[in-house]
Amino acid sequence: MNNHKKTNGQPPPEELLGFLSQKSSYPHHPRHIRFIQTHASYVFIVPPFVYKIKKPVNFGFLDFSTLEKRKFYCQREVELNRLLCPEIYLGVVPITRTDSGLLSFDATADVVEYAVKMRMLSRRFFFKRLLQRNRVDFSDVDRLVLKLCQFYNQTESGEEISAWGSIEKIKMNTDENFEQTRSDIGLTLDETSFETIRYFTDRFYELFAPLFQERVRQGWIKNGHGDLHLEHIYLAPDKICIFDRIEFNERFRLIDVACDIAFLAMDLDYNQRQDLSSFFCRRMAEALKDFSFYKLLDFYKSYRAYVRGKVEGMTAKDPLVGEAKKKDHIERAKRYFQLSLQYATIGSQPTMIVVMGRVATGKSYLAEHLGTKLGWKVFSSDRIRKEIAGIDPYQRTGPEERQKLYSKAMSLKTYQEMVTRGLNELGYQRGVILDGTFGQKEQRNFLREKLKEKAYGCLFVELEADRQTREKRLEKREHSPSLSDARLEDLPLLDKLYEEPLELPQENIIKFSSTEPFETALKNLFIQLCDRHLDLLCKSEKQPG
């Protein structure tokens with residue numbers, strides 16, 4: 001490879017992609033070609049091989065802007081990945097321009113680009129594909145744990161590598177993420193989520209500085225993988241291959257083992273397999289005899305989800321990505337940012353948030369916003385009540401119908417159904433939001449008992465607003481569609497029936513003033529959720545997986 005003649009005549013993307021899209025371009029003349037691109041690479045699957053070409057881009061954290069750099073990082077990729085996937089990485093091949101001006105794989109002509117050549121793996125055994133087909137069980141995860149532990153025991157550590165475990169070094173990565181996604185606000189994430197995740201990240205550094213130092217002293221900073229997610233794992237019956245180890249920036253690869261573990265755990269959560277995620281973390285902790293990483297798990301999961309959101313956003317901005325795929329990348333970016341926010345505010349475990357309070361305090365408005373930001377389903381008592389009665393959700397009922405609709409028996413049935421739906425959602429390892437007055441102690445106790453039976457977590461957010469504000473809201477409802485049938489004349493009676501939630505433990509309830517400007521109050525709520533989460537982490541010991 002070192003003897004290849006070099007030239008700076010870099011082909012434009014259209015010419016390069018056109019060449020690589022032709023079967024006749026390849027020495028082995030493949031039967032078909034499949035093209036994939038990421039924010040940093042073009043990948044051509046040409047059975048039985050794969051050619052990966054680095055885009056001439058510079059993102060700051062990744063610089064492939066010159067031919068020399070792309071050659072270097074192609075060679076580095078092959079070298080690093082042969083440890084976890086030795087039989088796959090075949091080498092680096094030149095793409096050249098012949099005397100006739102055409103692109104070629106003729107090694108004697110002028111080099112204009114480089115490609116990593118790999119042996120193709122069967123699609124059926126990629127971890128993500130197996131997961132989608134429900135073909136992964138705990139024994140497969142155990143095999144993966146064994147492979148990873150062997151890797152971490154073999155890969156380098158030491159003083160120079162350990163230096164990358166300092167907060168100062170890690171903060172370079174998180175600060176860079178926030179700086180590079182600021183322009184994405186309004187496209188793939190919103191300002192409240194951005195500020196909340198940043199607040200959680202910075203506070204975590206402050207509160208857990210001794211833990212980061214202890215991890216360095218214990219030797220948990222390793223020359224790791226750096227990009228350990230489902231699409232980089234091949235899980236065949238007879239072998240496991242883990243590929244695409246990061247080559248382009250050492251600070252993303254010289255990391256705490258916990259950071260690698262959190263990446264795969266996060267991706268399992270993203271793919272709605274929280275059971276496998278928890279099992280994987282527990283088995284890694286047992287095999288490595290490392291239980292201190294549990295306190296770092298939500299921090300690193302939030303960080304990793306944020307990175308994935310950033311990368312999906314970058315790919316969406318590539319001018320060569322079509323409109324349909326651009327939308328897919330944007331939607332994936334949004335979901336990753338939602339997950340990052342969940343880890344920052346709530347944590348990894350499925351939790352129920354109950355948005356409660358007196359009539360016209362803005363419960364439904366807040367519940368819908370929380371659902372959107374976290375990506376959780378919202379179950380509303382107003383909607384479920386009318387659904388059970390067979391009434392259009394926005395129909396305003398008359399006096400007789402309302403008397404039946406809001407009878408004690410109907411309210412009991414409504415809340416039981418709402419709780420059942422909420423518990424079912426938690427059963428799928430997904431967070432959920434309940435939107436209802438929950439004005440009676442009996443209703444709250446019923447919910448808490450059901451949650452206790454399943455060992456699920458719950459947080460109550462009680463909304464408050466002054467009487468004048470609530471009266472104005474009820475007056476407005478008279479002239480606009482609303483799920484709620486509560487009217488202004490009902491307010492005195494409904495307030496009298498409302499029982500203050502004095503029985504709820506202080507750590508399980510947050511007050512929310514809906515009289516303040518909504519965005520300000522919402523940001524304050526998310527900061528309170530972060531503080532509560534951080535406080536629980538500070539008080540916790542070794543956490544179960």
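The values are calculated or read from the model by the stated rules, or taken from the named source; none is laboratory data. Note that the coordinates shown come from a computational prediction; the quantities given were computed from them, not determined experimentally. Because the Cβ atoms are built from the backbone with ideal geometry, glycine has one as well, and the counts that use them run over all protein chains shown.
Miscellaneous remarks
- Total residues in the range 69-102, condition surrounded by 13 or more Cβ atoms within 10 Å (Cβ to Cβ) and part of a loop (DSSP other than H, G, I, E, B): 6
- Search result, residues across the range 356-377 that are of a type outside the set (Gly, Ala, Ser), surrounded by fewer than 21 Cβ atoms within 10 Å (Cβ to Cβ) and in contact with a strand residue (DSSP E or B) (Cβ under 7 Å, 6 or more places away or on another chain): 368, 377
- Residue match in the range 179-186 (condition: in contact with a Phe, Trp or Tyr (Cβ under 6 Å, 6 or more places away or on another chain) and of a type in the set (Val, Ile, Thr)): yes
- Residues that are in contact (Cβ under 8 Å) with a residue 24 or more places away in the chain, closer than 28 Å to residue 296 by Cα and among the polar types (S, T, N, Q), drawn from the range 494-545: 508, 540, 543
- Complete set of residues in the range 424-445 that are buried (at least 16 other Cβ atoms within 10 Å of the Cβ) and free of Cβ contacts under 8 Å to residues at least 40 places away in the same chain: 443
- Taking the range 134-144 as the range and being more than 21 Å from the chain's Cα centre (by Cα) and not polar (S, T, N, Q) as the test, the residues that pass are 135, 137, 138, 140, 142, 143, 144.
- For the range 33-53, the count of residues that are over 30 Å from residue 144 (Cβ atoms) and either part of a helix (DSSP H, G or I) or of a type outside the set (A, V, I, L, M, F, W, C) (or both) is zero.
- Set side by side, the residues 157, 162 differ, and just one is in the same structural domain as residue 239 (by TED's automatic domain parsing) and at pLDDT 95 or above, which is 162.
- In the range 450-487, the residues that are in a helix (DSSP H, G or I) and under 25 Å from residue 521 (Cα atoms): 467, 468, 469, 470, 471, 472, 473, 474, 475, 476, 477
- Flag for residue 450 being in the same structural domain as residue 358 (by TED's automatic domain parsing), farther than 30 Å from residue 334 by Cα and free of Cβ contacts under 8 Å to residues at least 60 places away in the same chain: yes
- Residue that is nearest to residue 275 (Cα to Cα), among those in the range 103-139 that are of a type in the set (A, V, I, L, M, F, W, C) and part of a loop (DSSP other than H, G, I, E, B): 136
- Residue within the range 201-222 that is buried (at least 18 other Cβ atoms within 10 Å of the Cβ), out of contact with any Gly (no Cβ under 8 Å at 6 or more places or on another chain) and closer than 26 Å to residue 73 by Cα present: yes
- Residue satisfying all of: in the range 513-527; of a type in the set (A, V, I, L, M, F, W, C) and surrounded by 16 or more Cβ atoms within 10 Å (Cβ to Cβ); nearest to residue 470 (Cα to Cα) among these: 521
- Residue, farthest from residue 180 (Cα to Cα), within the range 312-350, restricted to residues that are β-branched (Val, Ile, Thr) and modelled with pLDDT of 95 or more: 346
- Scan of the range 429-449 for residues that are among the acidic types (Asp, Glu), part of a helix (DSSP H, G or I) and within 31 Å of the chain's Cα centre (by Cα), ordered by number: 449
- The set of residues in the range 178-211 that are closer than 21 Å to residue 285 by Cα and either part of a loop (DSSP other than H, G, I, E, B) or in contact (Cβ under 8 Å) with a residue 60 or more places away in the chain (or both) comprises 208, 211.
- Members of the range 449-478 found to be of a type in the set (Asp, Glu) and modelled with pLDDT of 90 or more, listed by number: 449, 453, 462, 464, 466, 471
- Any pair with Cβ under 6 angstrom, 6 or more apart, that starts in the range 97-117 at a residue that is farther than 13 Å from residue 19 by Cβ and modelled with pLDDT of 95 or more and ends at one that is polar (S, T, N, Q) and surrounded by 13 or more Cβ atoms within 10 Å (Cβ to Cβ): 111/96
- Selected residue [at pLDDT 95 or above, acidic (Asp, Glu) and outside the structural domain of residue 333 (by TED's automatic domain parsing)] from 387, 401, 417: 417
- Test for residue 156: is it at negative phi and out of contact with any strand residue (DSSP E or B) (no Cβ under 7 Å at 6 or more places or on another chain): no
- Which numbered condition residue 38 misses (of (1) in contact with a helix residue (DSSP H, G or I) (Cβ under 9 Å, 6 or more places away or on another chain); (2) of a type in the set (S, T, N, Q); (3) at pLDDT 95 or above): (3)
- Unmet requirement for residue 169, which otherwise passes all of (1) exposed (fewer than 14 other Cβ atoms within 10 Å of the Cβ); (2) part of a helix (DSSP H, G or I): (1)
- Residue within the range 412-422 that is polar (S, T, N, Q), part of a loop (DSSP other than H, G, I, E, B) and surrounded by 14 or more Cβ atoms within 10 Å (Cβ to Cβ) present: no
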